[in-house]
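Below: one structure, written as structure tokens.
The values are calculated or read from the model by the stated rules, or taken from the named source; none is laboratory data. A quick note: this is a predicted structure, and the numbers were derived from the prediction, not measured. Backbone-built Cβ (ideal geometry, glycine too); neighbour counts: all protein chains shown. Just so you know, the surface numbers come from the protein's heavy atoms only, side chains and all, with ligands and any DNA or RNA stripped out. Shrake-Rupley method; radii C 1.70, N 1.55, O 1.52, S 1.80 Å.
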Amino acid sequence: MFKNKVLSEGCVDFIDDAKIEALIKDTPEDAVKVREIIQKSLNKQPLSVEETAFLIKADSPELTEEIFEAARKLKRDVYGNRIVLFAPLYIGNYCINDCKYCSFRRSLRSTVRKTLNEGEVVQQVEALEDSGHKRLILVFGEHPDYSAEFMADTVRKVYSVKHGQGEIRRVNINAAPLDHEGYKIVKNSGIGTYQIFQETYHHETYCKNHPEETHKGDYLWRLDGLSRAFEAGCDDMGIGALFGLYDWRFEVLSLITHSLYLQEKYNVGPHTISFPRLRPAHGIQFDEKYFVNDHDFKRLVAILRLAVPYTGLILTARETAEIRREVMQFGVSQIDAGTRLELGGYSEDDKEEQELKREQFSIGDVRTLDEVMSELIKDGYIPSFCTSCYRLGRTGEHFMEYAIPGFINKFCTPNALLTLSEYLEDYSSDKTREKGYQLIEDEISKIDQEKIVKKLRERLERIKKGERDLYF
Ligand code: SF4
């Protein structure tokens, strides 16, 4: 697929397994140190890998609760009570790799393979727009059919679909690493975030799960993937690890190492971090040795929140509704909702059972978008479909200029309320509409700048009269 695999300038394998294992083993439990580190986070300063190791070591009930409470506070201080919503759209599940944990692996003949054609992409996007979505992440297996040109054409096709009041305003991609030329091609199609998960940063475990002769068997090509994307001009990057393949503590310290490496090299860290847990999948037997229990899952989300104050944290529908409800308070900023993983599933009637032969893994939260919206509003969150930063060029390094001084609140909450009102006008159930408009009034009453309130009310009135896509 790539004539010459040219790595990024000065590319190095920055994951030192021995150093990370030593941090896990030798970092002492030190309550005084932990409280100092928590204070540093609450001052919105990113943590070092060593400092993050102290938080991981702090597993006493008392210190764990202090870490939880600090994560809740930092979430409120940086992200307010907004939760950004998106939906994944699988485009094709042919794959040349043979990852041990994946139902799309090439050696699994019983998996139902499909690539959506143009008409089917339009059909899926119309169904997603009709449910109220405005932000999508397109997912591709790794296969010569899914070239950078193919992905770019698909992105443009998705943006071109306008159904009723519906439109998709931000398209992210989760796909295999590309070469510099490939990233330029997808960048020019108008993508938001390019997401690549290392799956596991532990070298030996990586080799065990990704056969050497497969493309994905090249650890460094993948680890360097987003560095090449930055060099090719992409702005927003998403990193992640698949929790359950190896020790969660190792993966958390590696995610922070990766984040600091990008910050150091490109002056901007990842836009988002994802932390999916292994889920039952068609044709896959898991070794449960490193499965992450719910308590440790909450700890790792809270610790990530404290370690990278300005990086978005994505919690997907892999998790059950109950776990999502609990974990969200610890600093999650984005979730998917109304998710269907079967290729072509969004235009099909809802089914009792998930068809695992058509899915990469089973999901835990199968609620509709409106059901998720209703619960978020009940829990005091503002569901948001905001895309204004991306469309006003407040991305990558430029986003940080806004995010760090706290200006973002002047934009985020009003924009979230505007996108929520669009949803309430065009797509919501009566129950959600009533609660939604009550929430909007409650949130407006908290805004102390008269000027913003006046502009916001003026735009909300225009939305009620039929205008759309109004933002700050
Ligand atoms: S995880 Fe991705 S690369 Fe690996 S087999 Fe599945 S779809 Fe292919």
Within segment 175-287, considering only helices (runs of 4 or more DSSP H) that don't extend past its boundaries, which have at least 2 residues that are surrounded by fewer than 18 Cβ atoms within 10 Å (Cβ to Cβ) and of a type outside the set (S, T, N, Q)?
180-187, 203-209, 248-266
Within segment 3-27, restricting attention to residues that are crowded, with 17+ Cβ neighbours inside 10 Å and in a helix (DSSP H, G or I), which residue is nearest to the chain's Cα centre (by Cα)?
20
Looking across segment 114-142 at residues that are away from the ligand (no atom under 15 Å from the Cβ) and closer than 16 Å to residue 335 by Cα, the single one that is most open to solvent (accessible area, probe 1.4 Å) is 131
Any hit, segment 148-169, residues being over 21 Å from residue 339 (Cβ atoms), within 14 Å of the ligand (Cβ to nearest atom) and crowded, with 19+ Cβ neighbours inside 10 Å:
no
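Is it fair to say residue 97 is more than 30 Å from residue 439 (Cβ to Cβ), within 16 Å of the ligand (Cβ to nearest atom) and surrounded by fewer than 23 Cβ atoms within 10 Å (Cβ to Cβ)?
Details: more than 30 Å from residue 439 (Cβ to Cβ): yes; within 16 Å of the ligand (Cβ to nearest atom): yes; surrounded by fewer than 23 Cβ atoms within 10 Å (Cβ to Cβ): yes.
Here the answer is yes, as residue 97 does meet what is asked.
Being at pLDDT 95 or above and over 17 Å from residue 340 (Cβ atoms) narrows it down to one residue among 178, 116; which is it?
On the way: 116 fails: over 17 Å from residue 340 (Cβ atoms).
Just a single option satisfies the conditions, and that option is 178.
Does residue 128 qualify as being in contact (Cβ under 8 Å) with a residue 12 or more places away in the chain, under 17 Å from residue 387 (Cβ atoms), within 23 Å of the chain's Cα centre (by Cα) and not in a helix (DSSP H, G or I)?
no
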Considering 140, 150, 104, 86, which residue is touching an Asp or Glu at 6+ places or on another chain (Cβ under 6 Å) and assigned by TED's automatic domain parsing to the domain that holds residue 340?
86
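Just for segment 378-392: of the residues that are closer than 18 Å to residue 425 by Cα and open to solvent by less than 10 Å² (accessible area, probe 1.4 Å), which one is farthest from the chain's Cα centre (by Cα)?
Start the filter on segment 378-392 by keeping residues that are closer than 18 Å to residue 425 by Cα, which leaves 382-386.
Next, only the ones that are open to solvent by less than 10 Å² (accessible area, probe 1.4 Å) stay: 382-385.
Details: 382: 18, 383: 15, 384: 14, 385: 14 Å.
Result: 382.
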For residue 34, are the conditions met, namely being crowded, with 17+ Cβ neighbours inside 10 Å and free of Cβ contacts under 8 Å to residues at least 40 places away in the same chain?
yes
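Only one of 442, 448, 469, 430 is modelled with pLDDT under 95 and either under 28 Å from the mean Cα position of the chain (by Cα) or not hydrophobic (A, V, I, L, M, F, W, C) (or both); which?
Values: 442 fails: modelled with pLDDT under 95; 469 fails: modelled with pLDDT under 95; 430 fails: modelled with pLDDT under 95.
Among 442, 448, 469, 430, only 448 is modelled with pLDDT under 95 and either under 28 Å from the mean Cα position of the chain (by Cα) or not hydrophobic (A, V, I, L, M, F, W, C) (or both).
Tell me, which residue of segment 79-94 that is hydroxyl-bearing (Ser, Thr, Tyr) and buried (at least 22 other Cβ atoms within 10 Å of the Cβ) is nearest to the ligand (Cβ to nearest atom)? It would help to see each step written out before you state the result.
At the first step, the residues of segment 79-94 found to be hydroxyl-bearing (Ser, Thr, Tyr) are 79, 90, 94.
So of that shortlist, the ones also buried (at least 22 other Cβ atoms within 10 Å of the Cβ) come out as 79, 90.
On the way: 79: 30, 90: 10 Å.
Result: 90.
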Among the listed residues 159, 183, identify the single one that is assigned by TED's automatic domain parsing to the domain that holds residue 261, among the aromatic types (Phe, Trp, Tyr) and farther than 23 Å from residue 264 by Cβ.
159
